[in-house]
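First the structure, in the form of structure tokens, and then the observations on it.
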Amino acid sequence: MGGIYKVPTNSSSDRHRSWARWLSIILVGIGLLQPGGALQSLAATAPQPGVSEQEAVLSGGCFWGVDAVFKHVKGVVSVTSGYSGGSEKTAQYEMVSTGTTGHAESVKIVYDPSKISYQQLLKVFFFVAHNPTELNRQGPDTGTQYRSIIFYTDGEQKEIAESYIAKLDKNKAFPEPIVTEVVPLKQFYPAEDYHQNFLERNPDNPYIVYNDLPKLKQLQEQFPALYKP
């Protein structure tokens, strides 16, 4: 990341269309989408009326794109880019970028469980926000700071995450095994101000155009019932 963009060797738009078609087939196959593209209503993922706002912390590569995706998910109240997995003294972009701090670029999602469930957030995380089969990298970004992680805040989140990953692997939802870590959240440290809401403030940034804007289109196409403008 860091403002440096590597021009892809293949057409980004062609790859996006191919990825979207493949995902649609897979989602239909494992019962997450109806053939027409509508999200299936599953009792296990139903929102919880009467429950106050909750938090989810996820890491899936550069936080610019993950932040932008979840800001367009219904039921999400706020999204903050930051760092998790390391100490407070190393929670700075220049240090995290070395890949030696233990931190991963992360997002803290505050959501309304009466409108969206934790498992629905995980569906977006796995099928739109990032590629959970890439180890210590995402797209053009490499290093442990870009690893795929679910930081659970309690036992329920841990159980949901581990069960969902097992289900996806069993159903071969992806061509390669999922490498996403499931670990307890120790602390989340907000990133510098210039990283917050980056896509909305920099829509013409080449990195955003090639890597992140396609994710918003994919969210709208694959999960229309969860998408908010």
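The values are calculated or read from the model by the stated rules, or taken from the named source; none is laboratory data. Remember, predicted model here, so these are calculated numbers, not experimental data. No Cβ is skipped: glycine too gets one built from the backbone with ideal geometry, and neighbour counts run over all protein chains shown. Calculation scope for accessible area: heavy atoms of the full protein, side chains included, ligands and nucleic acids excluded. Shrake-Rupley method; radii C 1.70, N 1.55, O 1.52, S 1.80 Å.
Observations on the model:
- Neighbourhood charge, 13 Å Cβ-Cβ cut-off, centred on Glu156 and excluding it, Lys, Arg +1 and Asp, Glu -1: -3
- Using 0.36 nm per residue and subtracting the Cα-Cα separation, the extra length available between Lys74 and Arg137 on full extension is 19.9 nm.
- Rounded D (µm²/s) - the stretch 106-222, Kirkwood Rh over Cα pairs, Stokes-Einstein at 25 °C, 0.890 mPa s: 156 µm²/s
- Within the accessible area of the stretch 102-175 (1.4 Å probe), percent carbon and sulfur: 47 percent
- 5 angstrom amide H check on Tyr227, placed H, neighbours 5+ away: Lys74
- A Förster radius of 35 Å, combined with the Cβ-Cβ distance separating Ser163 from Val209, puts the computed FRET efficiency at roughly 0.45.
- Cα pair distances in the stretch 90-146, grouped into 10 Å bins until the bin that holds the longest one, percent each: 20, 41, 29, 9
- Neighbours of Arg147 by Cβ distance under 12 Å: Lys/Arg scored +1, Asp/Glu scored -1, total -3.
- Modelled FRET efficiency - R0 22 Å, Ser97 with Asn202, Cβ distances, 0.05 increments: 0.75
- Pairs over the 24 Å Cα-Cα cut-off, from the set Lys186/Lys228; Lys115/Lys217; Lys186/Lys217; Lys167/Lys228; Lys115/Lys170; Lys158/Lys228: Lys186/Lys228; Lys186/Lys217; Lys167/Lys228; Lys115/Lys170; Lys158/Lys228.
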